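Some notes on the structure that comes next.
The values are calculated or read from the model by the stated rules, or taken from the named source; none is laboratory data. The structure presented is a predicted model; accordingly, all values stated were derived computationally and were not measured. Glycine also receives a Cβ, built like all others from the backbone with ideal geometry; neighbour counts cover every protein chain displayed. These area figures cover heavy atoms from the full protein model, side chains too; ligands, DNA and RNA do not enter into them. Shrake-Rupley method; radii C 1.70, N 1.55, O 1.52, S 1.80 Å.
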Amino acid sequence: MKNLTFFLVFAGLLFATSCKKDSQSERFRLLTGPVWVSDSLLANGIDASGTDGLLENFKGEVKFNEDMTGSFGVYTGIWRFAYDETQIVITTDSLPIPLTTNIAELTATALKITTSYPNPLDLTSPFNIRMTFKAK
């Protein structure tokens, strides 16, 4: 009888661990899978990726690592999802406040994020930013 009880407990534990749900969401896998390359960096509808542009430092490659660190153009820092994975919050020592973005599109080949960011010259008129990236 002891052997039967031991076997049932062992079989139950084996079954429970084999049915463990994958803890990574689809959005997490889509975001962390590829290296993203900037395609369009707009501030108030105007290209802001050129020399001295507001988004110049986001130009280039972006990588969201599975350990929640990342590189975002020339910046490095940490990232996290917010609001049921509809937003990405990027924190880096290079920006005065975290950058909270809305995910407009996230597929295996495209990432589009939007945000408003304070304008230090006119606090009543923030920059409306749209950044689009393609998978490398």
Heavy-atom accessible area of Lys59, protein chains in place, probe 1.4 angstrom, given in Å² to nearest 10, is 110
Nearest-10 value in Å² for the accessible area of Leu55, using the 1.4 Å probe: 10
As computed over region 38-136, the Cα convex hull volume per residue (Å³): 104
Tell me the volume per residue, in Å³, of the convex hull enclosing the alpha carbons of region 92-135. 84
Give me the tail of P(r) for region 29-95 as a percent: Cα-Cα pairs with distance above 21 Å. 27
Probe 1.4 Å - accessible area at Asp52, Å² to nearest ten: 140
Sum of side-chain charges, Leu30 neighbourhood, beta-carbon under 11 Å (Lys, Arg +1; Asp, Glu -1): -1
Calculate one ³J(HN,Hα) per residue across region 41-46 by plugging θ = phi - 60° into the Karplus curve 6.51 cos²θ - 1.76 cosθ + 1.60, and present them in order as whole Hz with x for glycine and proline. 10, 10, 10, 6, x, 10
The ³J(HN,Hα) series, computed from each phi in region 110-122 with the Karplus coefficients 6.51, -1.76 and 1.60 at θ = phi - 60°, rounded to the nearest Hz and given as x for glycine or proline, is 9, 9, 10, 10, 10, 6, 10, 10, x, 8, x, 8, 8
